[in-house]
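The values are calculated or read from the model by the stated rules, or taken from the named source; none is laboratory data. Remember, predicted model here, so these are calculated numbers, not experimental data. FYI the Cβ positions are ideal-geometry reconstructions off the backbone, even for glycines, and counts take in every protein chain you see. What goes into the accessible areas is simple: the full protein's heavy atoms, side chains included, and nothing from ligands, DNA or RNA. Shrake-Rupley method; radii C 1.70, N 1.55, O 1.52, S 1.80 Å.
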Amino acid sequence: MQPFVTLSGVAVPLDEANLDTNQLCPTRFNKVPKGPRFAQILLHDRRFNSDGSESQIIFSIRSHVVTP
Amino acid sequence: MQTLFDKIWAKHVVAQEEDETLLYVDRCLIHEGSRHTFDTLHEEGLSVAHPDKVFAFSDHYIPTDPQIRAQGVAGIADPEIRNMVQLLIRNTDDYKISRFGWGDDRQGILHVAGPELGLSQPGIVLVGADSHTSTHGAFGNLSFGIGASETTHVVATQTIWQRRPATLRIKIDGPLGFGVTAKDIILAVIAKIGIGGAIGYAIEYAGSAVTRMTMSERMTICNMSIEAGAKAGMIGPDDSTYEFLANRAFAPKGRAWDEALKYWRTLPSEAEAHLVDVRQLWAGK
């Protein structure tokens, strides 16, 4: 087993109190089989508008996104 | 002077590192949602340390409709739900874990079926892959819910790292008022201390109202502990606890029962045991 040392990725700060970690994968998606659909589930309800387009709030404010 | 919590904690410490304790786990309860645990075991090439201490219940995705149940697992129309039920069957077969699932009379909600099977015994540390695992604390043990990655650690090592919670005793005295149920009592407790009022605490419920409660009522009280943010809810074991457990499938039998009973009777908090916080309520109001 490889020891966990470093994880590199994109960090998206959510500047708010009492973060609801259930938003990472909203409960209704818990039964989705492992695979490519997982990428669309991450923070789903915070990411997408009702018309299916991606919200500008979380992932598109470049100044808040810290790339490794 | 020790509390019920102190006694159980002390008996389960395996190692201590800074402010975290490695605790031995007596029972681990899982359900269909625990599939990621098995994916990780498989990917890391790990085995289940004690398959006889892990118990799987099909209760989160299994249909409740008797007509659908009669058709067997293949009768589940939604392929994603069917997959969840099938995965539990396959994973528990692969890792030789006891399963209470489809077609088994003992199948039920894990927090109800566990006590019915006599798995929830005084003095043990029980963890479950569900937030309401605190329910089992009604039987005088330390029970709490854990996440998917913690479940992997538990089934692979039979231990879990924990920060020791503080203890909070809530005393509920007096006869229950007309029409007052256990659910009303715990809702009144939560209303009083707030939905975050017990964060960082293991609650011990005591007092004459609790002593008179049936095991089902005690389970209701402990079940809701987490709605106040508590790590666990627990009630000192007494004759009601022992009567409920006697002759259950997984309860000790014969001489082992006598020895267990002798040990269980040493568990309740000593009267003067120091608790961080004591709060009192009157059951009638």
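The table that follows gives values for the structure above.
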| read-out | value |
| --- | --- |
| Nearest-10 value in Å² for the accessible area of B:Tyr61, using the 1.4 Å probe | 50 Å² |
| Buried area at the B-A interface (accessible, heavy atoms, 1.4 Å probe, summed, Å²) | 800 Å² |
| B:Thr214 - accessible surface, heavy atoms, 1.4 Å probe, Å² rounded to 10 | 80 Å² |
| B:Leu22, B:Leu110, ranked by accessible area, largest first (probe 1.4 Å) | B:Leu22, B:Leu110 |
| Cross-link pairs A:Lys34/B:Lys53; B:Lys171/B:Lys231; B:Lys53/B:Lys253; A:Lys31/B:Lys183 - those with Cα-Cα distance over 20 Å | A:Lys34/B:Lys53; A:Lys31/B:Lys183 |
| Label-point separation in nm, B:Ser98 to B:Leu22, each point 7 Å along Cα→Cβ | 2.7 nm |
| Where GluC sites (Glu not before Pro) fall in DSSP loop in segment B:1-69, at most 14 other Cβ within 10 Å | B:Glu18 |
| Under 16 Å from B:Lys7, Cα to Cα: lysines that are on another chain or at least 8 residues apart | B:Lys262 |
| Solvent-accessible area per residue, Å², over chain B with all protein chains present [probe radius 1.4 Å] | 45 Å² |
| Sulfur and carbon atoms: percent of accessible area, segment B:28-75 [1.4 Å] | 50 percent |
| Counting all C-alpha pairs of chain B, share separated by more than 23 Å (%) | 55 percent |
| Chain B: most fluctuating residue of B:Ile203, B:Ile62, B:Ile30 per GNM, C-alpha cutoff 10 Å | B:Ile62 |
| Solvent accessible area, Å² - B:Lys192, 1.4 Å probe, full protein context | 150 Å² |
| Stokes-Einstein D in µm²/s, Kirkwood radius over Cα pairs - the protein assembly as shown at 4 °C with 1.567 mPa s viscosity | 58 µm²/s |
| Buried on assembly, segment B:63-103 (at least 50 Å² less accessible surface than by itself, 1.4 Å probe) | B:Glu80 |
| Members of segment A:1-34 that become less accessible by 10 Å² or more once partner protein chains are added (1.4 angstrom probe, chain alone as reference) | A:Met1, A:Asn30, A:Lys31, A:Val32, A:Pro33, A:Lys34 |
| Segment B:115-134-segment B:37-100 distance, computed between alpha-carbon centres (Å) | 19 Å |
